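Since the structure comes first, as C-alpha cells, the remarks are kept for the end.
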Amino acid sequence: MIYILISLIQDEAIRKAFMRVFLSLLKSYRYFLVGNNDEDGVSSLLNVNKFLAEHPSSNHEFLKSLLSSQAFQKFLEDRFNANSVETIMYFDEAIIEKVRLFTILNATNGTYLCR
C-alpha cells in the first residue's frame, strides 16, 4: 500500500515536471498559429520558423523534433477542433498563469515570494 502511494506521488511529480517544461517551451505557440493549407493539402498550423526564432538556438534541435512529432501535430489539430476545447483551455490557462507569475516576480525583482 505504501509503495502504491509513493509511486503515485512520484508519478504526479513527473507529470508536473513535464508540464513545467512544456509550458516553458510552448508558452508563445499561440502567436505563431496560422491554420493555412500548403499546396499538398497538408495542414500547416504553426509557423515553425518564426516560432523557432523566438527561442535560443540551443533549443532548436529539440524543438524541431517536438514540433514534428505526431503528438504535437495532434495537439495543434485539437487546438483547432471545437470538441477538444477543454484540454486546450487547461493548457492555455496554465500558460497564462505561468506568464503572469513570471511577470509578477520580475516586477518585484524576485521578492514576491518573500512578502
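Values in this text are rule-based calculations from the coordinates and carry no lab data. From a predicted model like this one, the values you see are computed outputs, not experimental measurements. Here Cβ is always computed from backbone atoms with ideal geometry, including for glycine, and neighbour counts include all displayed protein chains.
If you add up the charges near V85, with Lys and Arg at +1 and Asp and Glu at -1, over every other residue whose beta carbon is less than 11 angstrom from its beta carbon, what do you get?
Within the 11 Å Cβ shell, the charges total -2.
To make sure I understand the rule: partners must be lysines, Cα under 19 Å from the Cα of K64, and not fewer than 8 residues away in the same chain. Which ones qualify?
K27, K50, K74
What's the exposure ranking of L45, L52, going from fewest to most Cβ atoms within 10 Å?
Arranged by neighbour count, lowest to highest, L45, L52 become L52, L45.
5 Å is the cut-off here: which amide hydrogens, built 1.01 Å from N in the peptide plane, fall below it relative to L46, excluding neighbours closer than 5 in sequence?
Residues meeting the amide H criterion: V34, G35.
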